[in-house]
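Taking it in order: structure first as structure tokens, then the write-up.
The values are calculated or read from the model by the stated rules, or taken from the named source; none is laboratory data. Bear in mind the structure is a predicted one, so any value in this text is a computation, not a measurement. Backbone-built Cβ (ideal geometry, glycine too); neighbour counts: all protein chains shown. Ligands, DNA and RNA are excluded from the accessible area calculation, which covers all protein heavy atoms including side chains. Shrake-Rupley method; radii C 1.70, N 1.55, O 1.52, S 1.80 Å.
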Amino acid sequence: MENYKKTKIVEKPCLHPFTNLPPDIIEMKVKDGSKIRNLMGYAISKMELDSVRQILFTGSGKAVSKTIMCVEIMKRRLKELHQITKVLFRQIEEIWEPIVPEAGLDTLTVKRNIPAICVLLSKDALNPQEPGYQAPGSFDAFCIETLAAESQGQVKRKHGRGRGAGSTGKHPHFTGGAPREPCAKS
């Protein structure tokens, strides 16, 4: 690919996995370079209005994790939001042209499938039978259940077995491969 340069990226249109959405729904298209502060300021101000009942977050590629982060912030700020999450793939085409056209090289078209996510948040109840549905507060109930199990000693954690910082000499009490001298008692 050292003889080629990328000249164009074409995103194939992707159908929304949600049907029957209102035509005026607010869609937050999260990009890799989007600032979370800007996205959340706009989204929260809109969702606090009584007239807005739903919001759709979409992101693809490197923006998937940022999209999830925005959704989680929204759910923490505005309680009682129903959620449906859909994961899909978007197809993009990259057009690569030869750097030196006289070299006799052909133009290349590379098709790639990149992951994408669409998350619908709603103040109104959604279909709980829909795949990807999360009820309001379902994560909080999971956390409470997990904490209760931990306090009763039902969850066992693995200790040791890892190399940790000791083998690299970064630990302040460890100087390398030789055994440590016992500390003098005073």
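Report the gain in length on full extension from LEU49 to MET69: 0.36 nm times residue separation, minus Cα-Cα distance, nm rounded to one decimal.
Result: 5.0 nm gained on full extension.
So, by mean Cβ neighbours within 10 angstrom, what's the order for 56-63, 22-29 with the highest one leading?
Order by mean packing, descending: 56-63, 22-29.
Evaluate E = 1/(1 + (r/R0)^6) for SER151 and LYS29, where r is the Cβ-Cβ distance and R0 equals 41 Å; express this FRET efficiency to the nearest 0.05.
After rounding, the FRET efficiency stands at 0.45.
Tell me, in nm to one decimal, what length is gained between PHE89 and LYS6 on full extension, where the rule is 0.36 nm per residue of separation less the Cα-Cα distance?
So the chain would gain 27.7 nm between PHE89 and LYS6.
With every protein chain in place, what's the accessible area of SER65 (1.4 Å probe, Å², nearest 10)?
Ignoring ligands and nucleic acids, SER65 comes out at about 80 Å².
Just to be sure I understand the model, the point goes 7 Å from the Cα along the line to the Cβ. What's the resulting LEU21 to TYR133 distance in nm?
Those two pseudo-labels are separated by 1.9 nm.
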